[in-house]
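Read the structure below first, then the notes.
The values are calculated or read from the model by the stated rules, or taken from the named source; none is laboratory data. Here the structure is a predicted model, which means the values were calculated and not measured. Note: ideal-geometry Cβ built from the backbone for every residue, glycine included; neighbour counts use all protein chains shown.
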Amino acid sequence: MPDWMNDGDIAFPNLGIYLKNVLQEFSIGGLTIRLYGLIIGIGVILAFLLVSKLAESDGLESDDFYEAGLFILLFGIAGARIYYVIFQWDYYKNDLLSILNIRQGGLAIYGGVLAGILTMIIYAKVKKKNMRHMLDVGIFGALVGQIVGRWGNFTNREVFGGYSDGLFAMRLPLNAVRSRDITQELWDHVAEGTNYIQVHPTFLYESFCNLVLLGLMLVFRKKKAFDGEVVLWYLGGYGLIRFIIEGIRVDRLLIPGTNLAVSQCLSLGLMIFAAVMSVAGRVKNPGKKAAEETGTDSGEKAEAKAEK
């Protein structure tokens with residue numbers, strides 16, 4: 001591996017991978033397209049496709065999810081940006097117009113997820129649908145979006161951890177990353193004659209762990225004891241993943257006036273909430289099988305209730 005990297009290069013030295021000129025944007029007919037946004041768009045499309053398929057297998061109307069999804073996408077992005085700006089207020093307070101510029105990143109997943117869940121709840125209530133069942137299906141879309149969307153962080157050279165010399169260690173040129181993300185620890189490991197930092201690729205860790213979580217949820221979703229349990233699995237599972245990975249990241253959003261990472265505190269709270277509610281739900285619904293809570297019967301009952 002070379003000791004000097006071009007600004008567009010990214011390397012994984014211990015894997016023998018050196019990527020030259022990894023694009024952040026490209027132009028078509030004078031229109032500049034950021035890969036960050038393109039990757040998020042691909043994630044949204046894949047999320048809709050999976051959710052539609054799961055909805056049909058559960059006897060629900062896929063059109064409901066497409067309609068709700070448009071609102072979730074809109075308010076989810078707004079929630080993700082608002083969450084990020086709140087905890088980075090010192091950076092944005094003197095340049096308020098920069099709040100509207102999301103092309104450079106700055107979307108907090110938790111803000112988007114919580115806003116999306118709230119939007120789904122409101123939609124289901126207004127449309128008189130089975131809200132918990134819709135959440136159980138819709139949450140798969142959020143997870144797919146996260147898995148794919150994290151690769152937008154890769155092209156943006158963001159969401160990385162502290163120094164690492166492990167198998168998946170990643171090298172990024174100093175000029176390619178935000179100066180505020182370069183900690184003293186990282187500076188201490190910048191050897192003389194080099195121009196890069198070597199970090200934990202936490203975007204990769206999270207994308208992979210979320211993929212495992214997605215697989216487990218797909219395998220066991222028919223085993224749920226009650227409507228709403230799958231979304232609890234997500235909250236608990238992702239909470240655990242984020243709690244661990246957040247401790248590695250250098251760009252943690254902190255609770256003002258403290259050194260506490262807001263996402264770790266929220267993750268811990270969500271893990272406890274998910275565990276308590278899952279146990280309580282199973283105690284309340286002893287002996288119920290997945291077939292009684294999912295599938296066509298559940299969808300028909302919801303529709304019948306709505307018609308009444």
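Quick look at the numbers
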{"item": "Helices (runs of 4 or more DSSP H) completely within the range 109-210 that count 3 or more residues being closer than 18 Å to Y18 by Cα", "result": "131-155"}
{"item": "Any hit, the range 1-14, residues being closer than 26 Å to M170 by Cβ, β-branched (V, I, T) and modelled with pLDDT under 90", "result": "no"}
{"item": "Of residues in the range 211-241 being aliphatic (A, V, I, L, M), in contact (Cβ under 8 Å) with a residue 40 or more places away in the chain and in a helix (DSSP H, G or I), the one surrounded by the most Cβ atoms within 10 Å (Cβ to Cβ)", "result": "V230"}
{"item": "Meets criteria (at pLDDT below 95, among the acidic types (D, E) and more than 21 Å from G111 (Cβ to Cβ)) for D251", "result": "no"}
{"item": "Residue match in the range 257-269 (condition: buried (at least 19 other Cβ atoms within 10 Å of the Cβ), in contact with a Leu (Cβ under 9 Å, 6 or more places away or on another chain), under 19 Å from G152 (Cα atoms) and among the hydrophobic types (A, V, I, L, M, F, W, C))", "result": "no"}
{"item": "Test: residue in the range 95-108 that is in a helix (DSSP H, G or I) and surrounded by 18 or more Cβ atoms within 10 Å (Cβ to Cβ)", "result": "no"}
{"item": "Qualifying position, being hydrophobic (A, V, I, L, M, F, W, C) and either out of contact with any helix residue (DSSP H, G or I) (no Cβ under 6 Å at 6 or more places or on another chain) or surrounded by fewer than 20 Cβ atoms within 10 Å (Cβ to Cβ) (or both), among L143, L74", "result": "L74"}
{"item": "Selection count where residues are in a loop (DSSP other than H, G, I, E, B) and in contact with a Gly (Cβ under 9 Å, 6 or more places away or on another chain), scope the range 68-90", "result": "1"}
{"item": "Condition broken by G236, with the remaining ones in (1) out of contact with any helix residue (DSSP H, G or I) (no Cβ under 7 Å at 6 or more places or on another chain); (2) farther than 23 Å from G162 by Cβ satisfied", "result": "(1)"}
{"item": "Unique match (being of a type in the set (D, E), under 14 Å from the mean Cα position of the chain (by Cα) and on the phi < 0 side of the Ramachandran plot) among E192, E206, E229", "result": "E206"}
{"item": "Residue in the range 147-183 that is surrounded by the fewest Cβ atoms within 10 Å (Cβ to Cβ), counting only those that are over 21 Å from L107 (Cα atoms) and without any contact (Cβ under 8 Å) to a residue 60 or more places away in the chain", "result": "L174"}
{"item": "Members of the range 11-67 that are loosely packed, with under 13 Cβ neighbours inside 10 Å, of a type outside the set (S, T, N, Q) and in a loop (DSSP other than H, G, I, E, B)", "result": "G16, K20, L23, G29, G30"}
{"item": "Index of the failed condition, G116 passing every other in (1) over 15 Å from Y234 (Cβ atoms); (2) within 17 Å of the chain's Cα centre (by Cα)", "result": "(1)"}
